[in-house]
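Heads up: the structure comes next, in structure tokens.
Rule-based calculations on the coordinates, nothing more; no lab input. What you see is a predicted model; the values in this text were computed from it and never measured. Heads up, the Cβs are rebuilt from the backbone with ideal geometry, glycines too, and the neighbour counts pull from every protein chain shown.
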Amino acid sequence: MTQETATITIYTQKDCSYSDAAMSEMDDEGTVYTKIDIDDVPGAKEELLKLSNGEPITPVMLKGDEVIIGYHGLG
């Protein structure tokens, strides 16, 4: 049996402990992800706000077509 690795895009910002926890869990599980820091990437904050229906919260994660707002464990 082969394990399928999900690709996730995570929008984060500096000093976000929830984003750090999400990325740590993904690292532990070997999940491939792309980190987008909304403080450093032009236009990323606007994209995050679109994905989160205007909520200025991090992390916001994209897993395929699924948008995950906040972090409560990837379970």
Seminar exercise, completed: Among Thr58, Thr31, Thr12, the residue with the largest mean-square fluctuation in a Gaussian network model of the chain built from Cα contacts under 10 Å is Thr31
Problem set entry | Given charges at beta-carbon only (K, R positive; D, E negative), |dipole| of the stretch 7-61 in Debye | 220
Problem set entry | Estimated [θ] at 222 nm from DSSP helical runs (n ≥ 4, -39500 (n - 2.57)) normalised by residues in the chain, nearest 500 | -8500 deg cm²/dmol
For this session: Quick one: order Ile38, Ile57 by neighbouring beta-carbon count within 10 Å, fewest to most.
Result: Ile57, Ile38
Exercise. So how far apart, in nm, are the two label points at Asp39 and Asp20 if each is 7 Å from Cα heading toward Cβ?
Worked result: 1.2
For this session: May I ask for the net charge around Val67, where only other residues with Cβ less than 13 Å from the Cβ of Val67 are counted and Lys, Arg are +1 while Asp, Glu are -1?
Result: -2
Exercise. What net charge do the residues around Lys14 carry, taking every other residue with its C-beta under 9 Å from that of Lys14, with Lys and Arg at +1 and Asp and Glu at -1?
Worked result: -4
